[in-house]
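Throughout, read-outs are computed from the coordinates displayed, never taken from laboratory work. Note that the coordinates shown come from a computational prediction; the quantities given were computed from them, not determined experimentally. When we count neighbours, we look across all protein chains shown, and the Cβ atoms used for this are built from the backbone with ideal geometry, even at glycine.
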Amino acid sequence: MPHPLAGLTRHAEVPDTPGIPSQALFPVPAAARVYPAASKELPDQPDLMASKSQHNASKTKSLNGKAESQGQWGRAWEVDWFSLASIIFLLLFAPFIVYYFIMACDQYSCSLTTPALDIATGRASLADIWAKTPPVTAKAAQLYTLWVSFQVLLYSWLPDFCHKFLPGYVGGVQEGAITPAGVVNKYEVNGLQAWLITHLLWFLNAYLLTWFSPTIIFDNWIPLLWCANILGYAVSTFAMIKGYLFPTNAEDCKFTGNFFYNFMMGIEFNPRIGKWFDFKLFFNGRPGIVAWTLINLSFAAKQQELYGHVTNSMILVNILQGLYLVYHPVHLSTPNAVGILLLGLVGYYIFRMTNHQKDLFRRTDGRCLIWGKKPKAIECSYTSADGQKHRTKLLVSGFWGVARHFNYTGDLMGSLAYCLACGGGHLLPYFYIIYMTILLTHRCLRDEHRCANKYGRDWERYTAAVPYRLLPGIF
């Protein structure tokens with residue numbers, strides 16, 4: 001939600017898949033290079049291993065008089081009209097698109113067309129629909145503030161201990177990828193630990209302590225949506241101001257001259273407060289991703305409360321990753337349930353193993369086995385903004401030899417499984433696979449354009465060795 005990874009910053013964050021429930025409830029800061037209420041954006045640079053750098057790279061002068069290295073890479077400097085229009089649309093309407101889906105389930109039995117038809121024919125007005133919508137409440141604001149504060153505490157003050165007893169788990173202090181300015185940031189990777197502690201407390205409450213109802217998220221769903229979007233835009237605004245006035249690293253800032261693009265895409269590459277609090281790592285992974293499974297559990301508890309049982313489709317969605325199933329409990333046949341489960345599990349395996357292979361290759365400097373063989377790679381180089389020339393390798397073995405973005409393929413398989421678990425009665429659950437297909441296809445093409453600029457002829461050699469992007473033999 002993979003999901004694309006930047007360096008090692010998210011390899012050990014679990015769970016690590018995007019989804020409508022978590023993003024709708026917990027948007028992330030736009031000016032930190034991620035999108036509020038719309039998507040979670042991290043660059044998918046396939047460079048796998050950086051080694052010694054050299055200061056012999058030539059430089060050119062940019063229009064603003066600053067030195068700029070040849071082969072500069074990263075986010076674009078110029079903004080085309082389509083990107084600008086898309087950004088303005090998302091900034092204005094993304095929260096209301098999510099609201100429309102939730103409202104459709106709350107007031108129109110999850111029909112996407114009936115609300116629009118009622119408004120068009122005069123049977124209902126926007127004022128009527130809005131009057132039935134729960135507003136922001138003090139309870140929701142308190143819950144959301146407590147939730148985010150608790151995740152900040154787990155992220156900032158509790159060093160990772162999972163890597164000490166889980167074989168193969170990469171946690172603790174890790175280095176990220178080299179930024180365009182040549183900076184290597186360090187991260188305290190403790191996402192799995194935060195997830196485990198959070199869910200342990202949740203189950204203790206549900207079965208022993210009864211501090212709150214297990215349905216608390218569902219019962220406050222729309223008010224929490226408003227709270228999340230308020231925080232998303234507030235943090236985005238702060239991150240943009242920070243980028244102008246006191247950036248973490250001025251050399252990793254980009255200014256396009258367009259206010260809306262700067263706000264949406266971010267000015268700083270890795271905005272931070274202090275040494276360890278990284279905006280991208282926290283807001284992209286913690287308030288939303290850690291809550292994802294809690295959201296599903298709360299919905300399952302609500303289904304149990306309403307109908308006296310939990311359907312196999314709800315169990316399936318909880319295993320694989322729904323609001324929809326609370327209102328429309330779907331009983332799948334055993335063959336369908338098994339098939340969907342296998343699709344989701346295989347997709348997740350491909351997604352995780354693809355990223356694991358990249359991580360393993362990076363951490364061992366290529367001295368490892370992938371699919372039982374010594375991995376093959378293409379040697380290449382690029383120049384960062386500080387004028388240093390870096391050498392790296394592009395992996396062409398394992399899943400990275402099947403397609404250039406096979407982690408996206410696994411992600412799409414999992415996304416389709418989530419949708420299929422809801423049956424075929426409504427279009428609404430299938431928005432997710434449509435959205436993810438558009439998002440990841442665009443991201444794939446965008447990242448390849450950047451990599452072509454970054455690596456030049458080395459990228460041509462890589463694409464010749466791995467000719468397909470997502471689907472072998474097709475695309």
Next item on the list: Just name one of P271, A206, V183: the one whose Cα is farthest towards the positive end of the charge dipole of segment 129-276 (beta-carbon charges, Lys/Arg +1, Asp/Glu -1).
Entry: A206
Check: By the gyration tensor of its Cα atoms, with a ≥ b ≥ c the square roots of the eigenvalues, what is the shape of segment 383-475: rounded for a/c under 1.5, prolate for a/b over b/c, or oblate?
Finding: prolate
Checklist line | Cβ-placed point charges (K, R +1; D, E -1), dipole of segment 261-397 about Cα centre in debye, nearest 20 | finding: 720 debye
Checklist line | Phi to ³J(HN,Hα) by Karplus 6.51 cos²θ - 1.76 cosθ + 1.60 over segment 280-285, Hz, x for Gly, Pro | finding: 5, 5, 6, 6, 7, x
Item checked: Candidates per trypsin sites (Lys or Arg not before Pro) in segment 182-279, loop by DSSP, up to 11 other Cβ within 10 Å -> K275
Note to self: Apply the Karplus curve 6.51 cos²θ - 1.76 cosθ + 1.60, θ = phi - 60°, to the phi angles in segment 116-127 and return the couplings in whole Hz, x for Gly and Pro.
What the structure shows: 5, 5, 4, 5, 5, 8, x, 6, 8, 10, 4, 5
Next item on the list: Would you pull out the residues with amide H under 5 Å of V173's amide H, same chain only if 5 or more places away, H placed 1.01 Å from N?
Entry: V189
Notebook entry, point to check: Given charges of +1 on the Cβ of Lys and Arg and -1 on the Cβ of Asp and Glu, with all other atoms neutral, how large is the dipole of segment 194-287 about its Cα centre, in debye to the nearest 20?
Noted result: 100 debye
Notebook entry, point to check: Applying the Karplus parametrisation 6.51 cos²θ - 1.76 cosθ + 1.60 with θ = phi - 60° to the phi angles of segment 460-465, what ³J(HN,Hα) value in whole Hz is obtained for each residue in order, glycine and proline being reported as x?
Noted result: 5, 5, 5, 5, 6, 6
Item checked: Subset of K373/K454; K139/K302; K275/K358; K358/K393 violating a 22 Å alpha-carbon distance limit -> K373/K454; K275/K358
